[in-house]
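Novice: I am attaching a structure below and will ask some questions about it afterwards.
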Amino acid sequence: MTFSAREVKNEELRLRYVELLQRPDVYPTRANWSYISESRMRGLCALLYGKYLAALTIDDNDREELHDVAVEEFPKYLAGVGIDEAVEAIYGDIETNTAAAKSLIRDCGLFDAHRLETLLEAGRTRFVLDLIDVYRREYDEDQLADMKSLASTLDNMPELGHIEERHGLWSRQRRFICPEGHNNTADNVFCNQCGLDIYGKTEADYSRIELLKKRIEALESLIDSRF
């Protein structure tokens, strides 16, 4: 295997970027962002995501142009970088700024059924349900298997709320206590206050799950048509 002088120079620069980006005070210039995006440098996504998240938290009084550039340029970079690296970076930190992570997953087509199922099993129900209608940039047979597994898990979620029996002096009542602790009559399927059912799903969530299943059917049809 041989490498051109250009490839060696690019790798030297990439390693220099890796070193610099680990410093909290260093942010890429707009020219840096353009070069990184155009050359699709590998191994920088998690570091650049960190810069993006940090820039979002900086107070207006301390904000500099490079912070605004990071907020503007990172989503563009993320949309063009390899999907495996992008997924690894964003799903690797959904806690620092959950809303930002959701937006990036949605806007950059970073649906990943395996990661979402893992989060669902870890109790991140709302995060997952809010993203199951997102399209992925590209699909393959592995994704199909993961999507089927996710759909099955969504259909078999444990009860997060409960039905409670209340006994009075002359009467007995059954109440539906939703996952958020709101009190409803037992015949309510969805909570009157937050809209959740006993599994922590809303009516809109069930619609999104059905859309996921239709996407599975479509992908399965595409795969079958190639054989």
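Nothing in this text is a laboratory measurement; each read-out follows from the coordinates by a stated rule. Fair warning: this is a prediction, and the values are worked out from it, not measured in the lab. Cβ atoms come from the backbone with ideal geometry, glycine included; neighbour counts cover every protein chain shown.
Novice: Say a paramagnetic label sat at a point 7 Å from the Cα of ALA218, along Cα to Cβ; which residues of the range 111-134 have their backbone N under 12 Å from it?
Specialist: Zone members listed by number: 133-134.
Novice: Relative contact order, percent, of the chain when contacts are C-alpha pairs under 8 Å separated by at least 6 residues? List each step's numbers first, then the result.
Specialist: Numbers: 240 pairs, mean separation 28.2, N = 227.
Normalised by residue count, the contact order of the chain is 12 percent.
Novice: Now, a different point. Quick one: what are the phi-derived ³J(HN,Hα) couplings along the range 198-215, Karplus 6.51/-1.76/1.60 with θ = phi - 60°, whole Hz, x for glycine and proline?
Specialist: The phi angles translate into 5, 9, x, 10, 9, 4, 5, 4, 5, 5, 5, 5, 5, 5, 4, 5, 5, 5 Hz.
Novice: With springs only between Cα atoms under 10 Å apart, run a GNM on the chain and tell me which of ARG126, ARG215, ARG172 wobbles the most.
Specialist: ARG172
Novice: Now for a different question. May I ask for the angle, rounded to the nearest 10°, between helix 45-57 and the longest principal axis of the chain, with both axes built from Cα atoms and the value confined to 0 to 90°?
Specialist: That works out to roughly 70 degrees.
Novice: Rounded to the nearest 20 debye, what is the charge dipole size of the chain about its Cα centre when +1 sits on each Lys and Arg Cβ and -1 on each Asp and Glu Cβ? Don't skip to the answer; put the middle values down first.
Specialist: Details: 29 positive and 43 negative charges, 32 e Å.
The dipole magnitude comes to about 160 debye.
Novice: Which one of LEU20, LEU150, LEU110 has the biggest mean-square fluctuation once the chain is modelled by GNM with Cα springs under 10 Å?
Specialist: Looking only at LEU20, LEU150, LEU110, the largest GNM fluctuation is found for LEU20.
Novice: Let me ask something else. Roughly what would the spin-label model give for LYS148 and GLU85, points 7 Å off Cα along C-beta, in nm?
Specialist: Taking the two extended label points, one gets 3.2 nm.
Novice: So how tilted is helix 141-155 from the main axis of the chain? Cα-based, degrees 0 to 90, rounded to 10.
Specialist: 30
Novice: Contour minus end-to-end for GLU141 and ALA99, with contour as 0.36 nm per residue of separation and end-to-end as the Cα-Cα distance?
Specialist: 12.1 nm
Novice: Evaluate the charge dipole of the range 1-108 about its Cα centre and quote only its size in Debye, nearest 20, assuming +1 on the Cβ of each Lys and Arg and -1 on the Cβ of each Asp and Glu. Before the final figure, lay out the partial values.
Specialist: Values: 13 positive and 20 negative charges, 86 e Å.
With only Lys, Arg, Asp and Glu charged at Cβ, the dipole is about 420 debye.
Novice: For the pairs LYS76/LYS201; LYS102/LYS213; LYS76/LYS148; LYS51/LYS213, flag any whose C-alpha to C-alpha distance is greater than 28 Å. Present the calculation step by step, with values, prior to reporting the outcome.
Specialist: Details: LYS76/LYS201 33 Å; LYS102/LYS213 21 Å; LYS76/LYS148 30 Å; LYS51/LYS213 36 Å.
Pairs exceeding 28 Å: LYS76/LYS201; LYS76/LYS148; LYS51/LYS213.
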